[in-house]
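The values are calculated or read from the model by the stated rules, or taken from the named source; none is laboratory data. Being a predicted model, the structure only gives us computed values, none of them experimental. Glycine also receives a Cβ, built like all others from the backbone with ideal geometry; neighbour counts cover every protein chain displayed. Please note that ligands, DNA and RNA were not included when accessible areas were found on the heavy atoms of the full protein model with its side chains. Shrake-Rupley method; radii C 1.70, N 1.55, O 1.52, S 1.80 Å.
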Amino acid sequence: MSIKLPGSIASLLLALTTQASAGELLIEQRLTDDGSLLVSYTPPPGVREVPLFNQQEVMHTVWTEMAAPLGHCASVTLKPRVTVMLAAGCRSAIFRITPRLLNRYAVNEPAFPAGRAAVMTYLGFFSAVPPGHTVRWRWVANRGARTVVAGQVSSLPIDRVLPAKQVAFAAQDDGKTQAGFDASGSHEYVWLGSAEIEQLPGGVLIHDQAVDATVRSAVRDALRRNTARLARAYGVAPAGPWTAVTSSAPGLHGFRGDVTAGRMMSLRFDPAVPQGFDIAGQVQRFVAHEVTHWWDTGIYRTDADRPWIHEGHAEWMAGLLMREAGLYSPDRWQASLETALNNCLFARSDRASATLPTGFNRDDDTYACGQTLMLLAQATRPRDAAPVDMAASLFQNTKAAVDVAAIARWADSGQSGRMHRLLLDPQQGFSSALQRDWRDVLDIQDLVAGTELPSAVRSRLGSGLMGALMTADCGRMGFWTQADHFRIESIPSCHQLRGDMRVGRIAGISPFSDPVGAWQAASSACAAGLPVALDVGPAATVSVTCPTPFPDLPIHHVLRLRPQALERLGLAP
């Protein structure tokens, strides 16, 4: 079957079919006038198969849903790994990539719109390392546009060559180590398109005009302040210019960001911001977190198998930066820390930190637990500098990746101590360690019905109880949490609950003001063989079957910071 191509695409194909140098694989990316991304592979003569470096499962999605071959020369096979195939008699295999957000999380995206006429692309989904050959990457801006690669801004083509020795090492390593992954040249974003590019000290900020002006202003301020402050704290700045790119992502539900080795930062924003939301303050903290990654996973390294280290350090540092700049009041800062403490307690309970699975997993709260552990670590150290500088000292004077043992040594100022027990003892439960070793930092109170609790803890407990009851009645849960009621979604499998019901009390007690009391009352009803009554309106009640077994409270204590701990950290009012 022949394919008739638009004239603009046909002329681009002619430009893309460039002969590679002998022994060289040429990978070229360029943006078309219609906003799609063209990726071409021109291998050395005699080579017709180009296996791609990335072996992640998501590659199948990228190359079946986002990529389409142009003309008869290109095709792909998916197993045992995604491989670009070049038909006989052809010089280049060319694919059209339709940019879109693939997963909407804070991870590297293959190619997504970064403005009305711009695209960001992550090289890891397109890289190849053929042994015995050099690899030449080339990025070409369309007419009137520019390309940004590792901070270099140009309207002319930008080339990067990976020498054959480096390619061979990456191919042999096959992504097993960080060094091999780095050698492949995969971990980098590239930007192509047309947009306002603003010069800032140390780098550039690329504006998507669809992003709210308040957001863009907050991003600019945070970049200026935090890059300068972190350079002073760590004693080193990122090598070469950096680039931050703002983009609007409808339906994102918040902010998402990621940073790559080429000093590129992607900042994606949902344009639908709720009324009353502190957009400027939230953006400032979000950017502070992402900027920190230029140090803790750029200049320095952390244990890649323990993401709570670099995410926790970035969260901790972002809070310190906000407090130091006067953007967090003492009360707000303390509430933020206590939310993280209790969220980590919900996630880990009394499981031993040393036995938790590596990598990101649903059974842990990477951000809250990481921030909690950084708080505890820094709280044990003598206060001999400003909090921001103390937090940065964990990474100074080391070329090795900062791992769990390094954090324990830093916190305990030696080879043993309470941080060692908390992080490295496989018999030491998280909750019991806090109760035994950290009472000088934490005020640990038993959960008792009727007592005042932090709002985040009330919300987690109340929603957890409602979720258990709804799952028992409907097979799954689906509700919106409002200030004084749960609004039920319509689920056909429900026995008693109906769509748009508003549950204000559980077993006669408000789960919003007294979730512990509601939990205990529901548990008592079930223990007596009775259903649980839910108030769904004035004088209206429904009774739902009890979960089997009835769940225990997910936590039995609430954590607060002691005033002396904040004073020791230099964070008291």
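Identify all residues within region 539-560 that are of a type in the set (A, V, I, L, M), assigned to a strand (DSSP E or B) and surrounded by 14 or more Cβ atoms within 10 Å (Cβ to Cβ); write none if there are none.
Taking region 539-560 and keeping what is of a type in the set (A, V, I, L, M), we get 539-540, 542, 544, 553, 555, 558-559.
From what is left, the residues that are assigned to a strand (DSSP E or B) are 540, 542, 544, 558-559.
The answer is VAL542, VAL544, VAL558, LEU559.
Can you work out which of the residues in region 372-385 that are among the small types (Gly, Ala, Ser) and at pLDDT below 95 is surrounded by the fewest Cβ atoms within 10 Å (Cβ to Cβ)?
That would be ALA385.
For a quick check of your reading: which helices (runs of 4 or more DSSP H) sit entirely within region 411-496 and have at least 1 residues that are among the β-branched types (Val, Ile, Thr) and open to solvent by less than 20 Å² (accessible area, probe 1.4 Å)? If you could, list the steps in order and put the result at the bottom.
Numbers: elements: 418-424, 430-437, 455-474.
Per the criteria, 455-474.
Within region 158-174, residues that are closer than 18 Å to ARG138 by Cα reach partners that are crowded, with 18+ Cβ neighbours inside 10 Å and of a type in the set (Ser, Thr, Tyr) with beta carbons closer than 7 Å, at six or more positions or on different chains, in the pairs ILE158/THR147; VAL161/THR134; LEU162/THR134; PRO163/THR134; ALA164/THR134; VAL167/THR134.
The set of residues from region 36-58 being charged (D, E, K, R), within 21 Å of THR134 (Cα to Cα) and assigned to a loop (DSSP other than H, G, I, E, B) comprises just one member, ARG48.
For region 359-366, indicate whether the set of residues that are touching a residue at least 24 places away in the same chain (Cβ under 8 Å), in a loop (DSSP other than H, G, I, E, B), in contact with a helix residue (DSSP H, G or I) (Cβ under 8 Å, 6 or more places away or on another chain) and among the small types (Gly, Ala, Ser) is non-empty. Step through it out loud before you land on a result.
We begin by selecting, within region 359-366, every residue touching a residue at least 24 places away in the same chain (Cβ under 8 Å); these are 359-360, 364, 366.
Subsequent filtering for residues that are in a loop (DSSP other than H, G, I, E, B) retains 359-360, 364.
Applying the additional criterion that residues be in contact with a helix residue (DSSP H, G or I) (Cβ under 8 Å, 6 or more places away or on another chain) yields 359-360, 364.
Still in the running and among the small types (Gly, Ala, Ser): 359.
Looking through region 359-366, at least one residue is touching a residue at least 24 places away in the same chain (Cβ under 8 Å), in a loop (DSSP other than H, G, I, E, B), in contact with a helix residue (DSSP H, G or I) (Cβ under 8 Å, 6 or more places away or on another chain) and among the small types (Gly, Ala, Ser).
Considered as a group, the residues in region 346-358 that are out of contact with any Cys (no Cβ under 9 Å at 6 or more places or on another chain) and part of a helix (DSSP H, G or I) include one that is surrounded by the fewest Cβ atoms within 10 Å (Cβ to Cβ), and that residue is THR355.
Residue count for region 233-250, restricted to those that are over 11 Å from ILE299 (Cα atoms), in contact with a strand residue (DSSP E or B) (Cβ under 9 Å, 6 or more places away or on another chain) and not polar (S, T, N, Q): 6.
Of all residues assigned to region 479-491, at least one qualifies as being in contact with a Gly (Cβ under 6 Å, 6 or more places away or on another chain), under 21 Å from VAL532 (Cβ atoms) and of a type in the set (Gly, Ala, Ser).
List the strands (runs of 3 or more DSSP E) that sit entirely inside region 84-160 and contain at least 2 residues that are of a type in the set (Lys, Arg).
Values: elements: 93-97, 111-113, 117-122, 134-140, 146-149, 152-154.
Hits in region 84-160: 134-140.
Among the residues of region 497-537, those identified as touching a strand residue (DSSP E or B) at 6+ places or on another chain (Cβ under 6 Å), assigned to a helix (DSSP H, G or I) and farther than 19 Å from GLU452 by Cα are ALA522, ALA525.
Quick one: would you say TRP333 is at pLDDT below 95 and of a type in the set (Phe, Trp, Tyr)?
yes
With respect to the conditions (1) within 23 Å of ALA195 (Cα to Cα); (2) surrounded by fewer than 18 Cβ atoms within 10 Å (Cβ to Cβ); (3) in contact with a strand residue (DSSP E or B) (Cβ under 7 Å, 6 or more places away or on another chain), ILE97 lacks only one, and its number is (2).
Can you find, within region 510-532, the residue that is nearest to the chain's Cα centre (by Cα) among those that are touching a residue at least 60 places away in the same chain (Cβ under 8 Å) and open to solvent by less than 70 Å² (accessible area, probe 1.4 Å)? Quick ask: steps written out before the conclusion?
Within region 510-532, the first condition is being touching a residue at least 60 places away in the same chain (Cβ under 8 Å), and the residues that meet it are 514-517, 520, 532.
Subset that is open to solvent by less than 70 Å² (accessible area, probe 1.4 Å): 514-517, 532.
On the way: ASP514: 33, PRO515: 31, VAL516: 32, GLY517: 36, VAL532: 39 Å.
Going through the qualifying residues, I end up with PRO515.
Taking region 70-95 as the region of interest, how many residues are free of Cβ contacts under 8 Å to residues at least 40 places away in the same chain and either touching a helix residue (DSSP H, G or I) at 6+ places or on another chain (Cβ under 8 Å) or within 19 Å of TYR122 (Cα to Cα) (or both)? Qualifying residue count for the region: 5. Give the number of residues within region 266-311 that are in contact (Cβ under 8 Å) with a residue 60 or more places away in the chain, surrounded by 23 or more Cβ atoms within 10 Å (Cβ to Cβ) and either outside any helix (DSSP H, G or I) or of a type in the set (D, E, K, R) (or both). Counting residues in region 266-311 that are in contact (Cβ under 8 Å) with a residue 60 or more places away in the chain, surrounded by 23 or more Cβ atoms within 10 Å (Cβ to Cβ) and either outside any helix (DSSP H, G or I) or of a type in the set (D, E, K, R) (or both) gives 4. For region 162-184, taking the residues that are surrounded by fewer than 16 Cβ atoms within 10 Å (Cβ to Cβ) and over 29 Å from the mean Cα position of the chain (by Cα), the one that is farthest from PRO43 (Cα to Cα) is identified as GLN172.
Residues to consider are ALA118, ALA164; find the one that is more than 27 Å from THR64 (Cβ to Cβ) and either touching a Leu at 6+ places or on another chain (Cβ under 8 Å) or among the hydrophobic types (A, V, I, L, M, F, W, C) (or both).
Working: ALA118 fails: more than 27 Å from THR64 (Cβ to Cβ).
That would be ALA164, the only listed residue that is more than 27 Å from THR64 (Cβ to Cβ) and either touching a Leu at 6+ places or on another chain (Cβ under 8 Å) or among the hydrophobic types (A, V, I, L, M, F, W, C) (or both).
Output the residue which, of all residues in region 206-239 that are of a type in the set (A, V, I, L, M, F, W, C) and under 14 Å from ASP270 (Cα atoms), is surrounded by the most Cβ atoms within 10 Å (Cβ to Cβ). Quick ask: steps written out before the conclusion?
From region 206-239, those of a type in the set (A, V, I, L, M, F, W, C) are 206, 210-211, 213, 215, 218-219, 222-223, 228, 230-231, 233, 236-237, 239; that's our starting set.
Retained after the next criterion (residues that are under 14 Å from ASP270 (Cα atoms)): 210-211, 213, 215.
Details: ALA210: 15, VAL211: 20, ALA213: 9, VAL215: 23.
My answer is VAL215.
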